[in-house]
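Okay, structure first, notes after.
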Amino acid sequence: MVGRRIARRLAFLSSAALLFPLSSAIAETQAEPSQAERFDCRQLAEWEQPGSPLEWFERSLWASHCHTFQARAVRIGIDGVRTLALSRDIQDGIEREVARFLDGPSVFFERRGLIGRMTWSSDDEEVPASPAGIARHIEQYYRLGMGSDERIANRSAVRLDIEPLDGMRFGQRLWLDSQTALPLKRELIDDRGRVVETFQLTELQPPELHSGGVVLDAQRPPPEHPWRPGWLPEGFIDQPIDTHDEQHGRAIGHRLYSDGLSTLSLFVEPIEEGQERLIPGLHRLGISLAVVRHVVANEHPMQVVVMGELPPGYWYRWRKT
């Protein structure tokens, strides 16, 4: 059943978000590495140390694309504590991340991709690579500040405090390696100032700066869709990645939206006679929440699902639109 495939996809996306919260945006798309534009990672060794919170944040995104490493991590959330093994490498300019749970059921995730773009492009518009585009974008919706330096995973770390300017997104605290700017720890903060999730590296083998280029995703025009969301929080942009996969066929529309830190995943599918349906309402998937609605469009019943790591204020608003 299609509805069951969506439920499995929701669980997969929720798990993947928990496994890679410290990674910068990766465009999961195919490219011909020999012909694609590249960012030379060796530049990072020549850049001056960041002087502001926003510069530290952007540097952390570039560092996440350009360093290879192996690590152990722990995730602490509302559903308990999980430990993981993480690895990251670059092959022919293509990034590869692997995560494996070390406790509970045996779960393995692998993700390959490129340095993405912040949004789709048009003929008269240049869209920067994600690190530069994200840094410019989040400054409009978050307040960034510096906290006290600490020690994480036996490494000196710089702390960034990231506070949302409205009630439509979570805040964050990020600890960045003072030498490489790699993210070492993330805390997700709700609107009451409570830590609702922690993801932290506990052991990090010395990371290595890639001695070559990483492929940048090509600029692509937006695809044509017969539908679009009626409301999104300000600042959430349609992400320029191919969301089609074999787990759900062409009948299911799937788009991703992000403000640079928080992400929404939106599914739209026709409801066929006798098809299993997801239960309407609000569903919790770890720290993520999902809202299911059944609507009628052009006399056809449709199932709409939206999920992401956003505070309750967003979900109450979405359920009423």
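The single condition among (1) at pLDDT 85 or above; (2) more than 20 Å from the chain's Cα centre (by Cα); (3) open to solvent by 20 Å² or more (accessible area, probe 1.4 Å); (4) not aromatic (Phe, Trp, Tyr) that Arg319 does not satisfy is (1).
When the residues of the stretch 242-291 are filtered to those that are assigned to a loop (DSSP other than H, G, I, E, B), open to solvent by less than 60 Å² (accessible area, probe 1.4 Å) and modelled with pLDDT of 80 or more, which remaining residue is farthest from Arg112 (Cα to Cα)? The extreme case among them is Ile271. Taken over the stretch 194-230, the criterion of being open to solvent by 20 Å² or more (accessible area, probe 1.4 Å) and acidic (Asp, Glu) is satisfied by Glu203, Glu208, Glu224.
Give Asp161, Asp191 a once-over and let me know the one that is assigned to a strand (DSSP E or B) and open to solvent by 40 Å² or more (accessible area, probe 1.4 Å).
Details: Asp191 fails: assigned to a strand (DSSP E or B).
It is Asp161.
If I ask for residues that are among the charged types (D, E, K, R) and part of a strand (DSSP E or B), which ones from the stretch 134-158 would you list?
Of all residues in the stretch 134-158, those among the charged types (D, E, K, R) come to 136, 139, 143, 149-151, 155.
Of everything in the stretch 134-158, those that are among the charged types (D, E, K, R) and part of a strand (DSSP E or B) turn out to be Arg143, Glu150, Arg151, Arg155.
A quick yes/no check of all residues on (1) open to solvent by 80 Å² or more (accessible area, probe 1.4 Å); (2) under 28 Å from Gly145 (Cα atoms):
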| residue | (1), (2) |
| --- | --- |
| Trp62 | no, yes |
| Thr68 | no, yes |
| Ala73 | no, yes |
| Leu84 | no, no |
| Asp89 | no, no |
| Glu97 | no, no |
| Arg100 | yes, no |
| Val107 | no, no |
| Glu110 | yes, no |
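Within the stretch 139-150, residues that are polar (S, T, N, Q) have Cβ atoms under 6 Å from residues that are surrounded by 11 or more Cβ atoms within 10 Å (Cβ to Cβ) in no pair, counting only partners at least 6 apart in sequence or on another chain. Within the stretch 64-106, the set of residues being in contact with a helix residue (DSSP H, G or I) (Cβ under 7 Å, 6 or more places away or on another chain) and part of a loop (DSSP other than H, G, I, E, B) comprises Asp92, Gly93. For the residues Val196, Val214, the requirement of being over 21 Å from Glu48 (Cα atoms), assigned to a strand (DSSP E or B) and not aromatic (Phe, Trp, Tyr) singles out Val196.
The values are calculated or read from the model by the stated rules, or taken from the named source; none is laboratory data. Given the structure is predicted, the values throughout are model-derived calculations rather than measurements. A quick note on method: Cβ atoms are made from the backbone with ideal geometry, for glycine too, and the neighbour counts reach across all protein chains shown. Note: areas computed on protein heavy atoms with side chains; ligands, DNA, RNA excluded. Shrake-Rupley method; radii C 1.70, N 1.55, O 1.52, S 1.80 Å.
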